[in-house]
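Please read the structure below before turning to the comments.
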Amino acid sequence: TSGIVLIPYDVNNYSQRSSGIFAEAIAMEVPVIVPAGTWMSRQLCADNYQRIAQAFPKLTPIPGRDLHLVPDGTAPVLHNPLEVRWFALGEEPRFIATANCPVGSVQAVLKLTLSERWFAMARIIQRDASGVLLSLDNNVLEVTDFDTETDTYTVIDLQSQTSSLEIEVRNATLLEGEGAISISFATLETRIEDFGAGEIYYDWTEIPHLIERIVEHHGCYAKSASRLAKGFREFHSGPSFMKEIGI
């Protein structure tokens, strides 16, 4: 039995297609690594978002007056989730959110409501009190159902010297209404264990690091995979498929 299953499928071919290997791995409670923008990554996101959403109300929200939003970009509003391919890098709709981190925070969680997109990109920058760059990470925010609004959640582990966050969200425009975007912070007592049933990569160069992370915390990932296993064993098997189509 494999300890980790890497599924480096082409995004263009598997944006809507399911994967038998993915279903079998989850059914056997084996953590997976899959590309962003695929049916597989949306299965992982759906589980992650539900888990984080349950813990989110327990965190300390940053007051709206302390969350600064700056619209940016030159492109019009997107109406097709695949239109992002038509823009040159830097021309897609985007906005920037900045916030100061409360003293004692070890983790930040970004909540962003997306609509009419398959995904958005978030560039997360951490700075110290002097404004010096501490880290820069890219993250993919994926919807779980294009036909509805999706509350996406991104867990950000803060460095010990982090004083402020700057988050640039690309391929997204802010929805109207309170709560479309918010940032909450966790202390050591309220931090979220950010281990899902696997990891999602945007660029193949991320894979070695993700493998190391799963190996280090393999038991936590396997435990998360076990939550999904029952559903995949039940709904992604031959007998259940035959039952669904009435045979």
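The values are calculated or read from the model by the stated rules, or taken from the named source; none is laboratory data. This structure is a prediction, so every number in the text was calculated from the model and none was measured. Virtual Cβ from ideal backbone geometry, glycine too; neighbours counted across all protein chains shown. Keep in mind that these areas ignore ligands, DNA and RNA; they rest on the heavy atoms of the full protein, side chains included. Shrake-Rupley method; radii C 1.70, N 1.55, O 1.52, S 1.80 Å.
Tabulated data for the structure shown
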read-out	value
Inter-probe distance in nm under a simple model that places probes 7 Å from Cα toward Cβ, at Asn12 and Ser164	4.2 nm
Lys, Arg +1 and Asp, Glu -1 on Cβ, resulting dipole of region 1-60 about Cα centre, debye, nearest 20	240 debye
Within-11-Å neighbourhood charge of Arg191 [Cβ basis; K, R +1; D, E -1]	-3
Karplus-derived 3J(HN,Hα), 6.51/-1.76/1.60, for each residue of region 43-57, Hz, glycine and proline x	5, 5, 5, 4, 6, 4, 4, 5, 5, 5, 4, 5, 8, 4, x
Cβ-derived FRET efficiency at R0 45 Å, Asp147 paired with Glu212, nearest 0.05	0.75
Ranking by accessible area, most exposed first, for Leu69, Leu165 with a 1.4 Å probe	Leu69, Leu165
Potential lengthening between Trp39 and Ile21 on full extension [0.36 nm per residue; Cα-Cα distance subtracted]	5.2 nm
